[in-house]
Every structure is written in structure tokens, then in C-alpha cells.
1. Of the residues Ala69, Ala82, Ala60, which is crowded, with 22+ Cβ neighbours inside 10 Å and either under 19 Å from the mean Cα position of the chain (by Cα) or over 20 Å from Trp154 (Cβ atoms) (or both)?
2. Would you call Ser136 over 30 Å from Gln196 (Cα atoms) and among the hydroxyl-bearing types (Ser, Thr, Tyr)?
3. What are the residues in region 45-96 that are free of Cβ contacts under 8 Å to residues at least 60 places away in the same chain, polar (S, T, N, Q) and in a loop (DSSP other than H, G, I, E, B), if any?
4. Just give me the residues in region 225-238 being in a loop (DSSP other than H, G, I, E, B), surrounded by 13 or more Cβ atoms within 10 Å (Cβ to Cβ) and not charged (D, E, K, R), in sequence order.
5. Just need a number here: residues in region 98-112 that are in a loop (DSSP other than H, G, I, E, B) and either exposed (fewer than 12 other Cβ atoms within 10 Å of the Cβ) or not basic (Lys, Arg) (or both).
6. Quickly run through region 50-76 and pick out the residues that are aliphatic (A, V, I, L, M) and modelled with pLDDT of 95 or more.
7. With the structure loaded, tell me whether Ser152 is out of contact with any helix residue (DSSP H, G or I) (no Cβ under 7 Å at 6 or more places or on another chain), surrounded by 15 or more Cβ atoms within 10 Å (Cβ to Cβ) and more than 13 Å from Ala49 (Cβ to Cβ) or whether it fails that test.
Amino acid sequence: MPDSVSARLPALIPLVLAVSLAQPALAQSSCASDGQKRPVALVERFINADCATCWTDPAAAPARRGAVALDWVLPGSRGEDAPLSAVATRDALNRLEVLGKAPPAASLNLNTPVQGQKGTLRVAHGLPVSGYIGASIAFKGMADRDAGQPWSAWLALVEALPVGTEGSPVSRNLVRNLVQVSWDGRGQLSKQEQIQFTETRSMDVPAGTNTGRLRVIGWVQDARGRIVTAAQSRCVGK
């Protein structure tokens, strides 16, 4: 990173968060999960960047009614020469590792139900500023017998692409950035034994992203890896 940019980041990041997550001003958009139906399942489509035809494969699995899809592009063996390298992210490899799956040579589809819709989850994001965007995830829910073990919250910054984008047979939520945080549950339970956490971050927006199509999708996994709740943002007020 150039020294001039590095020097500006400490001052820039608070500004990004303040502008992005403050109460929206007139003529701006409010982008949050408020009032949105909770997804009943997470459909994750993984594509190896080496696979030139996977993006346009007519067999691509659409998200069923009530589910939300995430599209991950894995770095390929050909590096920057891979056909889909421009949108590949190492976050996809990290996600597969957590799921206990090996990277596919071509593509892999996973469908994970949201179990129980425990707790309240809110995700939100603001407006892009100088290549960054402020985003947040907040969860509150009742603890169970696994509450003393690590839970994790995931917040994916995605670019919502309609059917037909670059020949895709399905609409996609292309993962552009990811925040993953762990909560160990030690000494933070209220008298009602509730799990609560909030994470606010400034997320990098990769070059080439259509910022008008950005949204966030978040979910919480318990100590057993089960998805206990999920949410997605929607921008209103444009």
C-alpha cells in the first residue's frame, strides 16, 4: 500500500464509518435488514476461477423460495491467468475450510438450512467512501448449553448481479469481501442469559465493483456450526 494512503487510513476509516452508518440524510438510501423476511436457508455456490464455463453453466442451482444465495469464486491454479481471477477471493477458501470441504476443480453447491431462527439479527451498510464502505452486524439471542463455546458471526459484502450478467443463467450475490468474528461467550451473559454482540467494520470495495449493487448478507453459527439465524440488507428510499 502506498505510504500516502497508509498515512491517511487512520483518519479515513472513522470518517467512512460515520458517513456510512449514521442516520441517512434526505435523498440517501437506508440499507439494512429491517423489515425483511429472514432467509430459511443459505445456498452457497463455489466456482474455481480456472473454470471458464462454470459461471454460464445452465445447471447452476437457483436459490429456492425463501433462501438466499452466496456466490464464491475461488483462486485458481493459474493465478491471474485464470478466466475468473478478477473476482476471485481467498475468503472463499477460508469459508470452505470452515465447512470442511475441499476446493472443487470446477464448482460445488451447498445448501444449509437456517435452524430454528434463534435470536434477532440485524445487518446494515452505508454509502461507499473512497473505496470503503461501513457495515455492521448485530445479534441478540438466548443462550443454550453450548453458549460457553465459540459462536461466529459472518458478514459478506456482495454485489447483486441479475440473471444474464456475463451469461449467468441465475441471479447471483457475488462475494466481494467478508468479515468473520468469533464470540467466546465468557463473562458476557446477562441475567437472562442472552448472547449479544455487535461488530462494525470498514470494508474494502474491490476495484471494478458496481457500488450501486452492493448489499450485505449476514449469518450466525453456533458452537456446532449450525446456522441459527441469517439476514440480508435491502436499500430503500432511493
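The values are calculated or read from the model by the stated rules, or taken from the named source; none is laboratory data. Everything numeric here is computed off the predicted structure, so don't read it as measured data. Every residue, glycine as well, gets a Cβ built from its backbone with ideal geometry; the counts of neighbours run over all protein chains shown.
1. Details: Ala82 fails: crowded, with 22+ Cβ neighbours inside 10 Å; Ala60 fails: crowded, with 22+ Cβ neighbours inside 10 Å.
Answer to the selection: Ala69.
2. So Ser136 does not fit the description; no.
3. Correct list: Thr53, Ser77.
4. Our first condition is that a residue be in a loop (DSSP other than H, G, I, E, B); within region 225-238, this holds for 225-226, 233, 237-238.
Those still in the list that are surrounded by 13 or more Cβ atoms within 10 Å (Cβ to Cβ) too: 226, 233.
Residue satisfying the conditions is Ser233 alone.
5. Taking region 98-112 first, the residues in a loop (DSSP other than H, G, I, E, B) are 100-106.
Subsequent filtering for residues that are either exposed (fewer than 12 other Cβ atoms within 10 Å of the Cβ) or not basic (Lys, Arg) (or both) retains 100, 102-106.
Counting residues in region 98-112 that are in a loop (DSSP other than H, G, I, E, B) and either exposed (fewer than 12 other Cβ atoms within 10 Å of the Cβ) or not basic (Lys, Arg) (or both) gives 6.
6. Of region 50-76, the ones aliphatic (A, V, I, L, M) are 52, 59-61, 63, 67-70, 73-74.
Scanning region 50-76 gives Ala67, Val68, Ala69, Leu70, Val73, Leu74.
7. On the way: out of contact with any helix residue (DSSP H, G or I) (no Cβ under 7 Å at 6 or more places or on another chain): yes; surrounded by 15 or more Cβ atoms within 10 Å (Cβ to Cβ): yes; more than 13 Å from Ala49 (Cβ to Cβ): yes.
Yes.
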